[in-house]
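Engineer: Just passing along the structure, written as structure tokens.
Just so you know, all these numbers are worked out from the coordinates, no wet-lab data involved. None of these values were measured; they are calculated from a predicted model. For neighbour counting, all protein chains shown are included, and Cβ atoms are generated from backbone atoms with ideal geometry for every residue, glycine included.
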């Protein structure tokens, strides 16, 4: 049996042990959905980082930097700066006024049913799309990492899917949180170790390292050898729309993070707003260090392993594991691969719990049951069923799409929807007294629709492929793109804001909602009446 | 402990006026003003500083490619500075938030007094 598989199984055994322990604690709604609100600042900070640093970041960004140098690092910068929006604007008011979901804050002073319906649709859209992207990537990756062990793409996707369902259904938020914490610690340790080995390879000389990075050799598709300076921007984002696309990506990153439902729900697991604040700071340390080190992984892979070799051995997503193999041999390869696997599992579990919580709390309890559970424990039971359904659907879609499907655009879509639909209405409900139900529904609908339509009209879906491209990897619509950018944020975010503003101004004022604005403001800023941690 | 069912957020609480009265207190107004005085400029600054990076990289490539230390160029150092700036702003916010916390405590005390007067 190969080492990678043994490490995978060890991680699975540990996390299932945690799930069994957590399942005995998940006997109430506050415990199942919010880990009793007793997670500490450092624990939640590490868990936020764990939720956020997906396989797309670890393998994807390292791969982008290995193949395109500096342009890949632009993602890393946006991923950290985004947390200032979370820290300064969103985390504390959300913790003070909500209970389990993002929609709690929006529904606070508006008509809850239409607002929750739209907010839940947006939450489930973001989580499901993001999850399908992770699952397809996970399946392809696990099959590749365990090459020779007889594990197919289908088996890999199904196992990942079943594990995430088990964590969420049996362990709830407590198990999900600890899976995130363990994964984040493994990921940051692995990244630091790998970066250290890259530096050791260059005799601990940053000068030698950067000199190598400034002259990376590889072969262009036509077979000619090229030498590029990987510190120079512009290798991926080229004229004519490259600069604009980069800007559009940046906007979606720094405004989207504060609207990602699986990140927002983490702030309900801490005792109060002050702890939420410190947990964001913890997360910013870990996330910042991790993303600075992505350059060592990516450039290390480009200079030590070489782009040609990576392209022939699994493509750019394999840059970090192949770097580990080159520097530390098969054992280290197995270790880094196991971390990638842990990363995938933890992120999909986080997405599953945010989608199923939104369905149970927003759609079932608050829309169908008008805010009251008819039977004790009903909300949790519905959440478990929803987690099972969301998991099963994601497994099925990932298997249908297959390992070579081009799904990276789903991550861009998730950030675009979070920034264009969720963030405008969160901001307006907290800061704009006149904001009303029509504005919230219009803002959510416009942001959601604009993001989806612009992605579909953009080059991620509409591109004419060369005849040599494999059928499964071809773009869905073989036509020149109508919208020239991969990232719709630059247009869809203003549209989301305009939708929310017009919806508000063109509809009647809502005296009851405006009356409650004072209450919301006092509660958001002082923590009066906020959900309390559950006592021992 | 099961959490009590959340009250319908649309039904005004019996003591609705008390929130308005708290919102009108000097302590609460000072809390909001103190927060605004920090958060607004900090947010504008970090957004401008952040977007300066993709704008410079996209539209001023010659400047960004200028080498500063061996092969290390302005673009890479500018990107690294974003991390430092983000951490510094986070630190300054946590420091400023100590004042917000003590002002919030004063507001909570005011509310206690309002309730004691039997509103």
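Engineer: Considering each of A:290, A:296 in turn, give the residue that is under 18 Å from the mean Cα position of the chain (by Cα), more than 10 Å from chain B (Cβ to nearest Cβ) and touching a residue at least 24 places away in the same chain (Cβ under 8 Å).
Structural biologist: Exactly one of A:290, A:296 is under 18 Å from the mean Cα position of the chain (by Cα), more than 10 Å from chain B (Cβ to nearest Cβ) and touching a residue at least 24 places away in the same chain (Cβ under 8 Å), namely A:290.
Engineer: Given B:113, B:73, which one is within 7 Å of another protein chain (Cβ to nearest Cβ) and over 21 Å from the mean Cα position of the chain (by Cα)? Steps first, answer last, please.
Structural biologist: Values: B:113 fails: within 7 Å of another protein chain (Cβ to nearest Cβ).
After applying the criteria, what remains is B:73.
Engineer: Across the range A:76-107, what is the total count of residues that are more than 10 Å from chain B (Cβ to nearest Cβ), over 20 Å from residue A:127 (Cα atoms) and under 15 Å from the mean Cα position of the chain (by Cα)?
Structural biologist: 0
Engineer: What are the residues in the range B:45-68 that are out of contact with any helix residue (DSSP H, G or I) (no Cβ under 6 Å at 6 or more places or on another chain), at the interface with chain A (Cβ under 8 Å from one of its Cβ atoms) and more than 21 Å from residue A:241 (Cβ to Cβ), if any?
Structural biologist: Matches in the range B:45-68: B:47 only.
Engineer: Please determine whether any residue of the range A:394-414 is crowded, with 22+ Cβ neighbours inside 10 Å and within 28 Å of residue B:36 (Cα to Cα).
Structural biologist: no
Engineer: Now for a different question. Take the conditions in a helix (DSSP H, G or I), in contact (Cβ under 8 Å) with a residue 24 or more places away in the chain, more than 12 Å from chain B (Cβ to nearest Cβ) and under 14 Å from residue A:218 (Cβ atoms) and apply them to residue A:320. Does it pass?
Structural biologist: Working: in a helix (DSSP H, G or I): yes; in contact (Cβ under 8 Å) with a residue 24 or more places away in the chain: yes; more than 12 Å from chain B (Cβ to nearest Cβ): yes; under 14 Å from residue A:218 (Cβ atoms): no.
Judged against the criteria, residue A:320 is not a match.
Engineer: Same structure, new question: Can you confirm whether the range B:49-69 contains a residue that is surrounded by 14 or more Cβ atoms within 10 Å (Cβ to Cβ) and closer than 25 Å to residue A:276 by Cβ?
Structural biologist: Yes, there is a match, as at least one residue in the range B:49-69 is surrounded by 14 or more Cβ atoms within 10 Å (Cβ to Cβ) and closer than 25 Å to residue A:276 by Cβ.
Condition check ((1) more than 8 Å from every other protein chain (Cβ to nearest Cβ); (2) under 20 Å from residue B:59 (Cα atoms)) across all residues:
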position: A:206; (1), (2): yes, no
position: A:211; (1), (2): no, no
position: A:214; (1), (2): no, no
position: A:225; (1), (2): yes, no
position: A:234; (1), (2): no, yes
position: A:257; (1), (2): yes, no
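Engineer: Also, I was wondering about something else. Assuming residue B:42 fulfils every condition listed in (1) more than 7 Å from every other protein chain (Cβ to nearest Cβ); (2) in contact with a helix residue (DSSP H, G or I) (Cβ under 7 Å, 6 or more places away or on another chain) apart from one, which condition is it?
Structural biologist: So the condition that residue B:42 fails would be (1).
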